[in-house]
Amino acid sequence: MKQTLNQEHLQVNLSNKILQVRLVISGVIILSLGIACMRYSMQGTDPFVTMNIGIAQSLQVNFGTVQMIANVILLLVMIRYARSMIHLGTFLGVFTVGYLADFMFSYIQQIPYSTVTIICFCAFGLLACCFGAALYMSGDLGIAPYDAFGLIIETKLHVKIPFRWIRIISDCICVIIGFVLGAPIGVGTLITAFCTGPLITYFRTLINQRIKERTKCTVVV
């Protein structure tokens with residue numbers, strides 16, 4: 001009886017781990033698609049991506065390469081101060097998002113520009129970025145280096161500044177760097193700044209509800 005319960009427990013754990021990996025991988029793919037769509041719209045993206053686009057344009061290199069290098073630098077900070085935050089999702093975010101976004105953008109940019117396509121791709125890109133980020137975070141397999149950066153400053157370096165203000169400051173710095181280096185700044189940048197948090201929270205709530213329902217069904221079975 002005890003052996004049977006242990007086997008069932010292992011099966012449930014394995015099923016949960018597989019679900020976590022699927023959530024993270026799906027999140028990375030959808031997030032990359034969202035970035036590619038927002039790049040196509042030329043209306044701006046989130047602050048960190050905006051900075052990396054500006055650097056890529058000024059150095060005339062691929063966005064994916066700059067995104068990876070910037071994430072690796074922040075990953076080194078995580079290794080020094082917050083190793084517990086590093087997991088599979090962290091590495092997938094560091095080494096795949098930028099290049100996947102480049103790959104998808106190479107096809108999307110072939111679509112003719114018009115006011116309608118710009119609006120549609122900007123709106124869809126924002127939703128995709130938020131939904132992808134929500135999936136990625138719900139997988140609970142590590143945290144993205146840029147997201148960890150503010151937490152490290154607040155908790156590990158004992159800076160007496162709340163996380164939200166650290167994030168606002170870092171976001172502003174990224175946007176300024178991107179703007180100076182020629183990255184597109186537009187309505188998408190503003191919408192991202194004000195809507196990303198609420199949308200990710202909304203999507204995470206829906207996703208976590210589905211996960212709980214699935215877990216209950218698995219336990220019952």
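General remarks:
- Positive-end extreme of charge dipole, the chain - chosen from A193, V77, Q109 (charges on Cβ): V77
- Between R214 and Y99, the C-beta separation translates, for a Förster distance of 25 Å, into a calculated FRET efficiency of about 0.20.
- Cα-centred dipole magnitude for the chain, charges only on beta-carbon of K, R (+1) and D, E (-1), debye, nearest 20: 600
- Remark: spin-label model distance A193-R22 equals 3.9 nm, labels positioned 7 Å along the Cα→Cβ axis.
- Whole-percent carbon and sulfur share, accessible surface of the chain, 1.4 Å: 70
- Protein heavy-atom accessible surface, 1.4 Å probe, per residue over region 75-221: 60 Å².
- Under the simplified labelling scheme, the S114-I73 pair shows an inter-label distance of 4.1 nm, with each label point 7 Å from Cα along Cα→Cβ.
- 12 Å cut-off, amide nitrogen to a point 7 angstrom out along V180 Cα→Cβ, residues in region 38-66: 55
- Each principal axis of the chain carries a Cα extent, and these read 66, 45, 29 Å when sorted largest first.
- Cα gyration tensor shape for region 147-210, rounded if a/c is under 1.5, else prolate or oblate: oblate
- Annotation: peptides 14-23, 54-63, 125-134, ranked by per-residue average of other Cβ atoms within 10 Å with the highest first, follow the order 125-134, 54-63, 14-23.
The values are calculated or read from the model by the stated rules, or taken from the named source; none is laboratory data. None of the values given here were measured: they were computed from a predicted structure. All Cβ positions, even for glycine, are placed from backbone atoms using ideal geometry, and neighbour counts span all protein chains on display. All accessible areas refer to the heavy atoms of the entire protein, side chains included, with ligands and DNA or RNA removed. Shrake-Rupley method; radii C 1.70, N 1.55, O 1.52, S 1.80 Å.
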